[in-house]
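Worksheet: one structure, shown below.
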Amino acid sequence: MKIIVVGTSHAGYEAVQTILKEDSNAEIHLYERGETASFLSCGIQSYLEDISPSLDSLHYANEESYKEQGVNVHMNSDVVSVDPEAKTITVKTADGESKESYDKLFLSPGAVPIEIPIPGTDLDHLYYLRGRNWADKVKERMSSAKKAVVVGSGYIGIEVAEAYAKAGIDTTVIDSLNSILPTYLDKEFTSVLQENALEHGMKFHGGEKVQEIIGENGSVAKVVTDKGEYEADTVVMAVGVRPNTQWLDGILARNERGFVEVNEHMQSTSNPDIYVAGDATLVPFAPTGEKRAIALASNARRQGVIAAKNMLSDNKFEMPAVSGTSALSLFDYHFACTGVKDCDADLSKVDSKYYEETIRPKFIGDDTTVKMKIHFEKDTNRIVGAQLMSKKDVMFAINTVSTAISAGWTLEQLALADFFFQPEYDKPWNFLNVLAQQALGETFGSDKELF
């Protein structure tokens, strides 16, 4: 069987590795439009902060390693079209265009940065952050930047802003919404993060829409919003991404936002021999059962495995529902979230409880707390979301709540769930037990410290 894989990031990487394990006779052709394969975008912040020594270290495979595995690698090869009827792709290289045939086709077209239509985005020292080349430019600029404005306060924007602030650059973050990380954390957490970030030199201005970038001598000089003006010699645009699927217009079914429509087997609904995964697709959302855009490497990896297995086994596997579980840190705090938040919860049906708890017993001499919030259905107490934040890294605990959501657990089950107790790590009642108990309005006396 001849399988063509387009795209070498998370989904494409996982698809290739799965095919190699499942079918040693498969003929794999891997296409990448860039000069390097399988770049790990999630590691860009570590490179900006000099934790990772170079961009070359942010790869989990390269052209040579693929070839050693027997994969036919085609670098600097841009797949620009697909003919599902003829089962061919059109590839554009420096030598022109050519067609290649396939038995099964796997597409991982990914996403591209959203470019807001305002004057000044063509000025020098204005950057986006998507992929290796942009990461290199943003890093290089850090050595000379004095005053930076980051537009957008999602994960990407916050990672860049933190790196710039740590480097001693005067850094301001602007977002049209009223808080940082608005789709990841609720107000109880973001207000704390914003105050802490300010202490570290990162300013935040929410509820402002950028209207223009003003230049001077061809370079950025000022960012103008509907509420103010901010001097800047460096601007990083991080207002989100959109599916890189325009080239599939009229070829594969897409929704109104450009996401390729796939079934539970990761097959295109337009053609059973074409499989699609990654940021250009929607994933089933466990708390509600609907499909959502959740651009996480973990989701792309799962999709890559499911798609590859199905290409080789007559669609025996289905993509599991996920909860969009993620974690990050910002200066002094670690935080994580899963499932629904206030911004996307149906508050007529979903309730929540916020609570703070010390992580370890009093006699340990550590009063570090964990800030917690859990969302649950009012009628059934079924858990549908949670958020954690602490100066201590206990963020792996969010995986437990994610699993509980997938399993359909209720507050009652989490309140009495079996967690280990060891004073170096936690209390007799783990903080997740306590969070569920508080949501139920019930506490257990064995965890009270009376003196």
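The listed residues GLU356, GLU140 rank as GLU140, GLU356 when sorted by accessible area, largest first, using a 1.4 Å probe. Residues THR380, THR18, ordered by accessible area of protein heavy atoms at a 1.4 angstrom probe radius and largest first, appear as THR380, THR18. Around the amide H of VAL236, modelled in the peptide plane, lie the amide H atoms of TYR127, VAL149, VAL150, VAL151, all under 5 Å away and 5 or more residues distant in sequence or on another chain.
In order along region 260-273, the phi-based Karplus estimate (6.51 cos²θ - 1.76 cosθ + 1.60, θ = phi - 60°) of 3J(HN,Hα) comes to 5, 7, 10, 8, 5, 8, 6, 7, 4, 5, 8, 8, x, 9 Hz; Gly and Pro are listed as x.
Against the compact-protein benchmark of 2.2 N^0.38 Å, the Cα-based radius of gyration of region 42-193 scales to 1.34. The 3J(HN,Hα) values that the Karplus relation (6.51, -1.76, 1.60; θ = phi - 60°) gives for region 294-309 are, in residue order, 10, 7, 10, 4, 4, 5, 4, 5, 4, 4, x, 5, 4, 4, 4, 4 Hz. Gly and Pro appear as x.
Taking amide hydrogens as placed 1.01 Å from N in the peptide plane, the amide H of ALA286 sits under 5 Å from those of VAL322, SER323, each at least 5 positions away in sequence or on another chain.
Using 0.36 nm per residue of separation minus the Cα-Cα distance, give me the extension gain between PHE396 and THR380 in nm, one decimal. Display every interim value, and only then the final one.
Numbers: separation 16, 0.36 × 16 = 5.76 nm, distance 2.62 nm.
Length gained, PHE396 through THR380: 3.1 nm.
Net charge of the neighbourhood of ALA232, taken over other residues with C-beta under 15 Å away and scored Lys/Arg +1, Asp/Glu -1, is -3. Antiparallel beta bridges, as assigned by DSSP with both residues in the chain, represent about 60 percent of the total such bridges.
Per-residue SASA remark: MET319, around 20 Å² accessible (1.4 Å probe; ligands, DNA and RNA not included).
Once all protein chains are placed together, ARG302 keeps about 100 Å² accessible to a 1.4 angstrom probe.
Could you give the distance between the Cα centres of region 380-451 and region 281-355, to the whole Å? Region 380-451 and region 281-355 have Cα centres separated by 20 Å. Taking 7 Å steps out from each Cα toward its Cβ at GLU64 and ARG292 produces label points 4.2 nm apart. Counting 0.36 nm for each residue step from LYS187 to ALA253 and taking away their Cα separation leaves a gain of 20.0 nm.
Split the accessible area of region 134-216 by element, probe 1.4 Å, and carbon with sulfur accounts for 47%.
The helix-based estimate of mean residue ellipticity at 222 nm for the chain, built from -39,500 (n - 2.57) per DSSP H run of four or more residues and divided by its residue count, is -6500 deg cm²/dmol to the nearest 500.
If you plug the beta carbon distance of SER143 and SER57 into 1/(1 + (r/R0)^6) with R0 = 22 Å, you get a FRET efficiency near 0.65.
Sort LYS349, LYS21, LYS291 from largest to smallest accessible area, using a 1.4 Å probe on the heavy atoms of the protein chains. Don't skip to the answer; put the middle values down first.
Values: LYS349 130, LYS21 165, LYS291 105 Å².
The ranking, largest first, comes out as LYS21, LYS349, LYS291.
Binning the C-alpha pair distances of region 1-42 at 5 Å intervals from 0 yields a P(r) profile of 6, 24, 31, 23, 11, 6, 1 %, listed from the shortest bin outward. Within the same chain, aspartates and glutamates fewer than 8 places from LYS146 are excluded, and of the rest, those with a Cα less than 12 Å from its Cα are ASP170, GLU231, ASP233. Only lysines eight or more places from LYS2 in sequence, or on another chain, were considered; those with a Cα closer than 18 Å are LYS21, LYS67, LYS87, LYS99, LYS104, LYS309.
A straight Cα-to-Cα reach below 14 Å connects LYS227 with the aspartates and glutamates ASP175, GLU208, GLU212, residues fewer than 8 places away in its own chain not being considered. Whole-Hz Karplus values for region 226-234 come out as 6, 10, x, 10, 9, 5, 7, 9, 8 Hz, taken residue by residue from phi with 6.51 cos²θ - 1.76 cosθ + 1.60 and θ = phi - 60°; glycine and proline positions read x.
The H on the amide N of SER81, modeled in the peptide plane, is under 5 Å from the matching H of THR90, each at least 5 residues off or on a different chain. Per residue, the accessible area of the chain comes to 45 Å², computed with a 1.4 Å probe over protein heavy atoms only. The figure for CYS337 is an accessible area of roughly 0 square angstrom, using a 1.4 Å probe on the protein chains alone. Where both residues lie in region 111-262, what percent of DSSP beta bridges are antiparallel, nearest 5? Roughly 40 percent of the DSSP beta bridges within region 111-262 come out antiparallel.
Please get the size of the charge dipole for the chain, origin at its Cα centre, with Cβ charges of +1 on Lys and Arg and -1 on Asp and Glu, quoted in debye to the nearest 20.
Values: 43 positive and 67 negative charges, 83 e Å.
My answer is approximately 400 debye.
For P(r) over Cα pairs in 20 Å bins from 0, in percent, the value calculated from this model appears in (i) 23, 56, 21, 0; (ii) 23, 51, 25, 1; (iii) 27, 62, 11 under label (ii).
The values are calculated or read from the model by the stated rules, or taken from the named source; none is laboratory data. These numbers were taken from a predicted model, which means no experiment stands behind them. For neighbour counting, all protein chains shown are included, and Cβ atoms are generated from backbone atoms with ideal geometry for every residue, glycine included. Accessible surface areas use protein heavy atoms only, side chains included; no ligands, DNA or RNA. Shrake-Rupley method; radii C 1.70, N 1.55, O 1.52, S 1.80 Å.
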